[in-house]
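The values are calculated or read from the model by the stated rules, or taken from the named source; none is laboratory data. In this text the structure is predicted, and so the values were computed from the model without any measurement. With ideal geometry, Cβ positions are generated from the backbone for all residues, glycine too; neighbour counts draw on all protein chains shown. Keep in mind that these areas ignore ligands, DNA and RNA; they rest on the heavy atoms of the full protein, side chains included. Shrake-Rupley method; radii C 1.70, N 1.55, O 1.52, S 1.80 Å.
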Amino acid sequence: MAAYKPRVISLTKKPRQTFGFFLRMELGEEGHLIRSLEMGGPAELAGIKDGDRIIRVNGTFVDGLSHTEVVELVKNSGTSVTFHIMDESTYKEAKAKGVNLSEQHSTVGSKVIANGVAKGDPKPKLCYLVKSASGFEFSLFTSNDEEGLFITEVSPGGVAHKAGVRAKDRLLEVNGENVEDCTHEQVVNKIKQAGNTLMFLLLDEDADKVCRSQYAKMGSRLATVKFLPHKPRLVNLTKGPDGFGFVLREEPKQAGHFIKDIDRDSPAGRAGLKEMDRLVAVDGKEVDNCSHEQVVEMFRQGGGECCLLVVDQETDQMYKLGKVSPMLFWEEMKDSNLPPSYTEVMNTATPAQPDEKEEEDLKPKLCRMEKSSDGYGFHLNGIQGVFGQFIKEVVKGGAADRAGLEDDDMVVEVNGVNVEQSGHQEVVEMIRRSGNSLEMLVARKSVYDQLKAKGVSITRMLLGEEPKSQEPKSQEHSPETSKKEIERPESPAEPAKQRTPSVSSSSSAESIDERL
């Protein structure tokens, strides 16, 4: 019966908006049908198809309920709903074989789709708070209905809010210590004794519900670190004639391997290594439990190239406060899926509204430029083995400078094609084929990091523009070295926004439908 397992899809929307589909019952068809999907709506983005059947709404089996009852279940769920969905052919086959669909559940740990993004098992989040003159700016409460300690009264724009803490988050750990079995008073005392900095491990409301339903325990080794303000750094090194240009040392009374004596114009110096950076990993292999000789051997085995994960002192102290390894950052970078769509984030209610100035500033830049005799006047940089390209060496007065490009801008799109998950050489080739004009969607590093921390997919939709759909026109150019100066594809025509035909809410002898 495994073939008849439904898939689980969670949708969110803004108040007074819809989930982007019609729910119908049709003459000659069994079940509650999905029809007239709105293109770009939450349902369509989540992968729901025309003709899919709804089996459950928020866990309630609905296949035997009336149309009106199912509509009410969906409407009463507010701005978010979770469906168990079965495609049309599977549903009809199951019905023909007499399968009891009320006994068909999705498997524990299977992926849930949320507005177009596959989500595996729910993740807790690590949040780092630094006390201000107003304190940490949140409160704790306990509920008679549920076990645990929960966050409440998060001041908009305050310390906790900026750290990623939200109302109704469940508190799991304080500074690396589990507090799930502690009393309210005990946790308050721990927070008071912690001083000016706190590392919380939290579960948001939705993840908490999933964990409780699966009786799952969550620890920091499963956490996301995307809300942490200080980031470990991935540094790619290529050995020069005089080596890498630094000394690896073990310091007295300090655990770990440290970067020292960096030569100014060496590969290490140019790559951004800093004095007393602590080495966390070499080519993805953690070195905390390795001897000095073992680490040196890792460098030798790299054949002159290696990717280092390092932390400065401030970042190191933050991770140690939570008793977690910076390897969490490496794993999240390595295994990360595409971020939630812009529609998902904008349709999800947030506890606090940022002021207009902050919201307006958190936007990318669309830079259009024409190639001159001196090229575009910038370099594209990337880190070997890591996704993400950034701008360097923008020539003052050049085409890139006039178009608004700045040093350290993160490249999101090249001629309408998202390149966040593309390798450096792949992006360079796209630009080579582009001709004499270039269009790039970029974001300042600070803006990019903030939008990613909020889970926002960075697209030209943030600027009120429609996405492009055409492939860039190719042109041949001579090969260049690893630090590339750029050129661009022609701008394709922008498609008009489309929507599949919709049917007004109505009832007749042939069908009953309701827009949801």
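Could you run the Karplus curve 6.51 cos²θ - 1.76 cosθ + 1.60 with θ = phi - 60° over the stretch 69-86 and give me ³J(HN,Hα) per residue in whole Hz, x for Gly and Pro?
Couplings: 5, 5, 4, 5, 4, 5, 4, 6, 7, x, 8, 9, 8, 10, 10, 9, 10, 10 Hz.
Ordered by packing density, taken as the mean number of other Cβ atoms within 10 Å over each peptide's residues, highest first, how do 82-91, 22-31, 410-419 rank?
Ranking the peptides 82-91, 22-31, 410-419 by packing returns 410-419, 82-91, 22-31.
Accessible area, 1.4 Å probe, largest first: how do Met327, Met39, Met440 sort?
My answer, sorted largest first, is Met39, Met327, Met440.
Give, to the nearest whole percent, the P(r) tail of the stretch 179-249 beyond 17 angstrom, counting all Cα pairs.
68
Within the set Lys323/Lys445; Lys231/Lys285; Lys14/Lys168; Lys320/Lys454; Lys49/Lys75, which residue pairs have Cα atoms separated by over 22 Å?
Lys323/Lys445; Lys320/Lys454
What size of dipole, in debye to the nearest 20, comes out for the stretch 119-172 about its Cα centre when the only charges are +1 on Lys and Arg C-beta atoms and -1 on Asp and Glu C-beta atoms?
Charge dipole of the stretch 119-172: 340 debye, to the nearest 20.
What's the extension gain from Ala453 to Glu332 if we count 0.36 nm per residue and subtract their Cα-Cα distance?
Working it through step by step, the gained length comes to 42.3 nm.
Quick one: ranking Met333, Met218 by accessible area, 1.4 Å probe, largest first, what do you get?
The ranking, largest first, comes out as Met333, Met218.
What is the ratio of the Cα radius of gyration of the stretch 16-58 to 2.2 N^0.38 Å, where N is its residue count, to two decimals? Don't skip to the answer; put the middle values down first.
Numbers: Rg = 10.5 Å, N = 43, 2.2 N^0.38 = 9.2 Å.
Normalised by 2.2 N^0.38 Å, the Cα Rg of the stretch 16-58 equals 1.15.
Do any GluC sites (Glu not before Pro) in the stretch 229-297 lie in a loop, going by DSSP, with at most 13 other beta-carbon atoms within 10 Å of their beta carbon, and if so which? Display every interim value, and only then the final one.
Values: sites: Glu250, Glu275, Glu286, Glu293, Glu297; in loops: Glu250, Glu275.
Those that pass, being in a loop and sparsely packed, are Glu250, Glu275.
For Arg444, tell me the accessible area in Å² from a 1.4 Å probe, rounded to the nearest 10.
110
Taking 7 Å along the Cα-to-C-beta vector as the label spot, tell me the Gln317-Gln301 distance in nanometres, rounded to one decimal.
3.5
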